[in-house]
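Take a look at the structure below.
The values are calculated or read from the model by the stated rules, or taken from the named source; none is laboratory data. Everything quoted here is computed from the prediction, not taken from an experiment. Positions of Cβ are generated from backbone atoms using ideal geometry, with glycine treated the same way; all protein chains shown enter the neighbour counts. Side chains are part of the model used for accessible areas, which takes the heavy atoms of the whole protein and leaves out ligands, DNA and RNA. Shrake-Rupley method; radii C 1.70, N 1.55, O 1.52, S 1.80 Å.
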Amino acid sequence: MTADHGVWVYAVTGADLPEEAVSGVTGVAREPVRAVSAAGLTAVVGTVPLGEFGEEALRSNLENLEWLETVARTHDAVVSAVVRWAPAIPLRLATVYLDDARVCDVLEARRADFDAALTLVAGRTEWGVKAYADVEAIAAGAVETAGSGSEKGTGTAYLLRRKAQLSAREDAERAAADRADTLHALLLQHSAAGRRQPPTDPTLSGRRDRMVLNGTYLVDDARSDEFADAVAAARTQFDGLELELTGPWPPYSFAGVDRGNP
Amino acid sequence: MTVVGGGSSSPQPYGGGHQSTNLGDILERVLDKGLVIAGDIQVNLLDIELLTIKLRLVIASLETAKAVGIDWWETDPWLSSKGKRAEIEGTQQDLEVENRKLRDRIAELEAARREPVAAEVEDAEVEDAEVTDDDG
């Protein structure tokens, strides 16, 4: 390792990774991905130039959407390749060390944490479930029904209609939130762990309707069909919610030992 | 607005690099999740947060970004309690604005009603003054 290169860490796995697992896999700097082992753990790493992945370079490159997209997709691809061979802990993007020895230090120092996390994710896969509700449409429907009988044109009728609109919206939001709570509880029954995350902003999701559930679940591989069936059943059961299933994902959301099930 | 990747509703097998997966879905995981351990190369977490915010604005169409304002994540009641408060304050502000408009309108109407009277008073004063002048 030279001074102008660093070591980018993709994932940590407990097993001795077979060589073919990462042979032919290239990383964020188009570098061949390799394994660094210590303390019974294996870190999947790549040597990256600090000119592009050093502190200052990272800071500015991370602001570049095109660069970020390529790097994020590549990081995810490498992690996914590892996970197909063995249970692994994905590291957050841009974890860079000065050399292999430093990576070994971390494997030794954090061995207990890695072991605990590996135990949690072994034989399990992360699945994402998002639920959307068109609150406006539901509320508008309710007002339409409620307001059809009232006389229109007078001030009182206007005020009543306005009040109905506001309360219908509130009702619709509450109903959607309740259904999201129930859905989350239901999905937890089919998974080993799960958590709700803040909803993705509509500008990022590109959707007009409200995301009422942004859940992610760690599911036993033996129960993945059961989980998928539960989601499929929920599509019909939860009237007014539109469900989106994503995955399988490497266990990003369950990688940290401090991230217990809330 | 369209998001890069399009957001498929069907699950995809991993390993394919998630090439067709919604970029937002990937970033949500590789930036916000994954095991966080301190590297030798320090990238400030706050920087990353700043970045995702900027990124979200980049992904959003310019109009949307403008419409939602640069601090949308704070004002969205679904994202923060601060936003919920802001929404309530916003409603109050709207009411205040409406109140002010109504008060202005009333003042205007009252002024219009008073105007002819005021003019008469003025005339009267002028006459009075003339009278005084005559006296002097």
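Structural remarks
- For chain A, size of Cβ-based charge dipole, Lys and Arg +1, Asp and Glu -1, in debye: 880
- Chain A: angle of helix A:224-237 to the longest principal axis, Cα-based, in degrees nearest 10: 20
- Per-residue accessible area (protein heavy atoms, 1.4 Å probe) orders A:Ser23, A:Ser167 as A:Ser23, A:Ser167, starting from the largest.
- Computed over the alpha-carbon atoms, the range A:167-246 gives an Rg to Rh ratio of 0.98, Rh here being the Kirkwood radius from the mean inverse distance.
- Summed over both chains, the accessible area lost when A and B associate is about 5400 Å², using a 1.4 Å probe.
- Mean partner shielding of peptide A:95-102, defined as the number of other chain Cβ atoms within 10 Å of each residue Cβ, is 3.
- Each helix, a run of at least 4 DSSP H residues, gives -39500 (n - 2.57); summed and divided by the residues of chain A, these come to -14500 deg cm²/dmol at 222 nm.
- Relative to the longest principal axis of the Cα atoms of chain A, the long axis of helix A:65-85 makes an angle of roughly 70 degrees.
- Relative packing of peptides A:54-62, A:155-163, A:239-247, A:221-229 - highest average C-beta neighbours within 10 Å first: A:239-247, A:54-62, A:221-229, A:155-163
- Number of partner chain Cβ atoms within 10 Å, mean per residue of A:104-112: 1
- For A:Val212, the residues whose modelled amide H falls within less than 5 Å of its own, excluding neighbours fewer than 5 places apart on the same chain, are A:Ala131, A:Tyr132, A:Ala133.
- Accessible area expressed per residue, chain A, with surrounding protein chains retained (probe 1.4 Å, Å²): 44
- Shielding by other protein chains, A:239-249, mean Cβ within 10 Å: 4
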